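The values are calculated or read from the model by the stated rules, or taken from the named source; none is laboratory data. Note that this is a predicted model, so its numbers are computed, not measured. Reconstructed Cβ throughout: ideal geometry from the backbone, glycine too, with neighbour counts over all protein chains shown. Only protein heavy atoms, including side chains, enter the accessible area calculation; ligands, DNA and RNA are left aside. Shrake-Rupley method; radii C 1.70, N 1.55, O 1.52, S 1.80 Å.
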Amino acid sequence: MSQLEIAPEVAEALRAGRPVVALESAVFTHGLPPDAGREALRRQRQACQEHGVVPAVVAVHEGRLWVGLTPGQTDALMRRDGAAKVSPWNLAAALHSPGYGGVTVAGTLMACARAGITVMSTGGVGGVHPGEVEDVSADLLELSRRRVGVVCAGPKSVLDVRRTLERLETLGVPVIGWRSDRLAGFYRSLTDLPVTARAETLHDLAAILRDHWSFGGAGVLISQPLPEELALPEDELAAALAALESDAATGWQVTPTQLAVLRDRLGPAVIDANLALLGRNASLAARLAVELTQ
Ligand code: PSU
Ligand code: MN
């Protein structure tokens, strides 16, 4: 018996060659408070549906890896205590215990490869953390392995963004700036780092993905900046980031702990920015998925 469960609506769309966008779930089980998580999901699903795209939330539920959880199932997952944060290293283990979990970008990429989904959407991708101990998100390696376009607002602000971009280059993961020449900065609009290439139209973006795949390339990161008016004030963000204690948490808890500290220090604007970028990214991912099916 396969431990992969593809929801009927998703399986049907894939069979018929209709567009599907995968959505990661660690952002709402571990990245955001429950109310914000629910709102984030609502906006992402709606953004997909507005473009006639089937959203496929990837999560561990009842001991299986699901592609396409229903809103009822995601609500139950968010109410549950002790759901795991699931990435490739603990996916198989998490199916057995605790049997429930939010799946990171890296884990979602594995699921996409199995299900045949070529576009996914997230907020900020993981990357290289600052500090002495080398802590690099599995998101980067998995991007280099799976033929999926991942729409994001750049690497999370808590990361060493320059090293993250260098690593992406080493791994051969193109970073395409959606209507921008510089990499998006998550809660910031833009960083000062150059992307691989800029795409102005969905047609051009889809062409780059197809060409990359035609040469045997795998993941492509699509960077969509948050508009300036929705980004956090630079001075406040810089002060909050400087105050983060890099040794406050270890292992998988580093990212959720640091995101929570930022929320405490910067207030509701952090949630607003996060919801805005998740909704906008799902919308761009949906349009890209439609373009790729043409
Ligand atoms: N972006 C957010 N909130 C999050 C994450 C990303 O705004 O919670 C999650 C994603 O699931 C991403 C993961 O894949 O954090 C990376 O965690 P780590 O650094 O432990 O690999
Ligand atoms: Mn880590």
| message | Give me the net charge for the shell around V128: Cβ to Cβ below 15 angstrom, other residues only, Lys and Arg +1, Asp and Glu -1. | response | -4
| If you find the alpha carbon centre of segment 136-150 and of segment 209-241, how far apart are they in angstrom? | 14 Å
| message | Could you compute the net charge surrounding F28? Neighbours are other residues with a C-beta less than 13 Å from the C-beta of F28; K and R count +1, D and E count -1. | response | +3
| Amide H of R182: which non-local residues (sequence gap of 5 or more, or other chain) have their own amide H closer than 5 Å, using H built in the peptide plane? | V195
| note | Amide H contacts under 5 Å for V67, restricted to residues at least 5 apart in sequence or on another chain and with H modeled in the peptide plane, are E5, I6, A7
| query | segment 67-104 to segment 19-34: how many Å between their Cα centroids? | reply | 11 Å
| query | Round to a whole number: what % of the accessible area of the chain belongs to carbon and sulfur, probe 1.4 Å? | reply | 50 percent
| Estimated [θ] at 222 nm from DSSP helical runs (n ≥ 4, -39500 (n - 2.57)) normalised by residues in the chain, nearest 500 | -13500 deg cm²/dmol
| query | With helices defined as uninterrupted DSSP H runs, which ones in the chain have an alpha carbon span along their own long axis of at least 20 Å and mean Kyte-Doolittle hydropathy of at least 0.5? | reply | 268-293
| query | With each pseudo-label sitting 7 Å past Cα toward Cβ, what's the R114-R145 distance in nm, one decimal? | reply | 1.3 nm
| How far apart, in nm, are the 7 Å Cα→Cβ label points at R198 and V133? | 4.1 nm
| Extension gain, S2 back to D81 (0.36 nm per residue minus Cα-Cα distance, nm) | 25.8 nm
| field | Where labels lie 7 Å past Cα in the beta-carbon direction, separation of E50 and E169 in nm | value | 3.6 nm
| query | What's the extension gain from S214 to A93 if we count 0.36 nm per residue and subtract their Cα-Cα distance? | reply | 40.1 nm
